[in-house]
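Enquirer: Let me give you the structure first, and then I'll get to my questions.
Read-outs throughout are calculated quantities, based only on the coordinates presented, and are distinct from any laboratory measurement. Remember, predicted model here, so these are calculated numbers, not experimental data. Backbone-built Cβ (ideal geometry, glycine too); neighbour counts: all protein chains shown.
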Amino acid sequence: MQNRVLLQNFDTRQTNITYLRDQISTDRDNIDAIKQHGNDRHVFLLRRKITKEIRDIESRTQQLNQSKVASNIEVVEQTPVDNIVRTIKGALRVQTNVRGAEDYG
């Protein structure tokens, strides 16, 4: 149960991080395109859009930082090691092959 919650939290954080990375990449591409082909009006509109998106990115980043959770995972031995060793020994059989020197030649 605890494992499932940890994985869900990880997936949520990973999705948010991926979204933020993609948004920053898109904004960078838009800036480059306008720098090459745009006019003052394009620059103004893009600046306004990016300013809003930067606020959104900052907010999401703060949420990600606040949602960090340190989790302790306790590993409990379910089967004693001696039982595992006996099971492995029982499952394996040692077989000796007697070969003469000419077989390795």
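Enquirer: Can you tell me how many residues within the range 1-24 are surrounded by 11 or more Cβ atoms within 10 Å (Cβ to Cβ) and under 30 Å from Glu74 (Cβ atoms)?
Expert: Looking only at that region, the number is 7.
Enquirer: Something else: Within the set of pairs 6+ apart or on separate chains, which have a first residue in the range 14-42 that is without any contact (Cβ under 8 Å) to a residue 12 or more places away in the chain, a second that is not charged (D, E, K, R), and C-beta atoms under 8 Å apart?
Expert: The qualifying pairs are Gly38/Leu46; His42/Ile34.
Enquirer: Considering each residue of the range 25-52, count those that are in a helix (DSSP H, G or I) and loosely packed, with under 14 Cβ neighbours inside 10 Å, and give that number.
Expert: 19
Enquirer: Of everything in the range 53-75 that's touching a helix residue (DSSP H, G or I) at 6+ places or on another chain (Cβ under 9 Å) and hydrophobic (A, V, I, L, M, F, W, C), which residue is surrounded by the most Cβ atoms within 10 Å (Cβ to Cβ)?
Expert: Residue satisfying both the conditions and the ranking: Ile57.
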